[in-house]
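Undergrad: Below: one structure in structure tokens.
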Amino acid sequence: MSIDNLGQKHFTPDQVKSIDDAFVIIETILASVSQNLTDEERQRYGSINEQNKLFADKIMDYAKVSPQLCSPDVDWAEFEADYNTRKFADTRTLRLENLLKVMSDLKIVHDYDNYQAGLVDYDYAKYKSGTNAIGFTQKAKELKQFFPNTGSSGKKSTDSTANDMPPSE
């Protein structure tokens, strides 16, 4: 027996608008400070690894605690601004990754619900097609194309795009 309606909570139109408005604000702010790197630049500059982040953290610690030990050849105001922006971007990236997971989980649940309800509707169309009800034969025929390996032979679909959920026939 399948579980129906895993995703019973839905966005209101006002919530959708608020989220979209917030995205516009974030995108606008980011566009004003970010750089659009090419693939080559992204590869060349890359991301410093964890060891090098610790190195940058230690340099920052020395700059704050023992500024007399800092090189006069470094623009320390720029170093601190870069450091703070990197920290900000790092923590916000974690938050965005969490939001991405939440949105992905939300989508998965509602995709599942749509697919299960679709299977019920397909079974209904096949049933009504058998009663020669107008329109259902064509509908069942059109929907059958999504299940090419099912039918009278009893074979189940091996198509992985169907989320391993073959239609009930």
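The values are calculated or read from the model by the stated rules, or taken from the named source; none is laboratory data. Just so it is clear, the structure is predicted and the values come from calculations on it, not from any experiment. FYI the Cβ positions are ideal-geometry reconstructions off the backbone, even for glycines, and counts take in every protein chain you see. What goes into the accessible areas is simple: the full protein's heavy atoms, side chains included, and nothing from ligands, DNA or RNA. Shrake-Rupley method; radii C 1.70, N 1.55, O 1.52, S 1.80 Å.
Undergrad: Restricting to segment 93-133, give me the number of residues that are open to solvent by 70 Å² or more (accessible area, probe 1.4 Å), of a type outside the set (Ser, Thr, Tyr) and either in a helix (DSSP H, G or I) or modelled with pLDDT of 95 or more (or both).
TA: Matching residues across segment 93-133 total 14.
Undergrad: Tell me the residue from Asp90, Asp82, Asp73 that is over 29 Å from Phe146 (Cβ atoms) and outside any helix (DSSP H, G or I), please.
TA: Criteria check complete, one pass: Asp73.
Undergrad: Based on what the data block shows, is Ser18 more than 27 Å from the chain's Cα centre (by Cα) and modelled with pLDDT of 95 or more?
TA: No, not satisfied.
Undergrad: Tell me whether segment 21-35 contains one or more residues that are free of Cβ contacts under 8 Å to residues at least 24 places away in the same chain, in a helix (DSSP H, G or I), surrounded by 10 or more Cβ atoms within 10 Å (Cβ to Cβ) and among the charged types (D, E, K, R).
TA: Yes: one or more hits.
Undergrad: Between Thr150, Thr161, which is exposed (fewer than 10 other Cβ atoms within 10 Å of the Cβ) and modelled with pLDDT under 95?
TA: Exactly one residue qualifies, and that residue is Thr161.
Undergrad: Give me the residue from segment 46-84 that is modelled with pLDDT under 95 and among the polar types (S, T, N, Q) and, out of that set, most open to solvent (accessible area, probe 1.4 Å).
TA: Ranking the candidates gives Gln51 first.
Undergrad: Looking at segment 95-139 only, could you name the residues that are under 30 Å from Phe23 (Cα atoms) and hydroxyl-bearing (Ser, Thr, Tyr)?
TA: Within segment 95-139, Ser104, Tyr112, Tyr115 qualify.
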